[in-house]
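Engineer: Have a look at the structure that comes next, please.
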Amino acid sequence: MIVNLKCGECKLVFPADVGTPTLDEKSSIVWEKKVICPRCKAIDKELLTEMGQSQMTQFFFGDYLK
Ligand SMILES: [Zn+2]
């Protein structure tokens, strides 16, 4: 799926194809695909934007909220 992310290095906001997100044992979100910033090429530095957070909430809990 496409998630709205923000690069922790250069602060660029960009839509990233992360594959299928899953949760690890600490309830942290894990992307299926590696996310690389299109501007500064930082790997694994991405942060969720507010839009990205609501996208994740919808993805993981959407069924419960219906
Ligand atoms: Zn960046």
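Engineer: Over the chain, what relative contact order in percent results from Cα pairs under 8 Å that are six or more residues apart?
Structural biologist: The value is 32 percent.
Engineer: So how far, in whole Å, is the C-alpha centre of the stretch 1-35 from the one of the stretch 36-66?
Structural biologist: For the stretch 1-35 versus the stretch 36-66, the Cα centre distance is 5 Å.
Engineer: Another question, then. Comparing K26, K45, K11, which has the greatest mean-square fluctuation in the GNM of the chain with Cα pairs linked when under 10 Å apart?
Structural biologist: With Cα springs under 10 Å in the chain, the top fluctuation among K26, K45, K11 is at K26.
Engineer: Amide H neighbours of L12 under 5 Å, at least 5 residues apart or on other chains, H built in the peptide plane: list them.
Structural biologist: Hits under the 5 Å cutoff: C7.
Engineer: OK, next. Would you calculate a helix-derived [θ] at 222 nm for the chain, using -39,500 (n - 2.57) for each DSSP H run of n ≥ 4 and dividing by the full residue count, to the nearest 500?
Structural biologist: It lands at -8000 deg cm²/dmol.
Engineer: Setting aside same-chain residues fewer than 8 positions from K6, which lysines have a Cα under 23 Å from its Cα?
Structural biologist: K26, K33, K34, K41, K45
Engineer: Could you pull out every residue, at least 5 positions away or on a different chain, whose amide H is within less than 5 Å of the one on G19? Hs are placed 1.01 Å off N in the peptide plane, and Pro or chain starts have none.
Structural biologist: K33
Engineer: Any idea what angle helix 50-65 forms with the longest principal axis of the chain, computed on alpha-carbon atoms, 0 to 90 degrees, nearest 10?
Structural biologist: Rounded to the nearest ten degrees, it is 20.
Engineer: Once a ≥ b ≥ c are taken as the square roots of the eigenvalues of the Cα gyration tensor of the stretch 2-51, is the result rounded (a/c under 1.5), prolate (a/b larger than b/c) or oblate (a/b not larger than b/c)?
Structural biologist: Since a/c reaches 1.5 and a/b is larger than b/c, the shape of the stretch 2-51 is classed as prolate.
A short reminder: the numbers here are calculations on the coordinates, not readings from a lab. In this text, all values refer to a predicted model and were calculated from it rather than measured experimentally.
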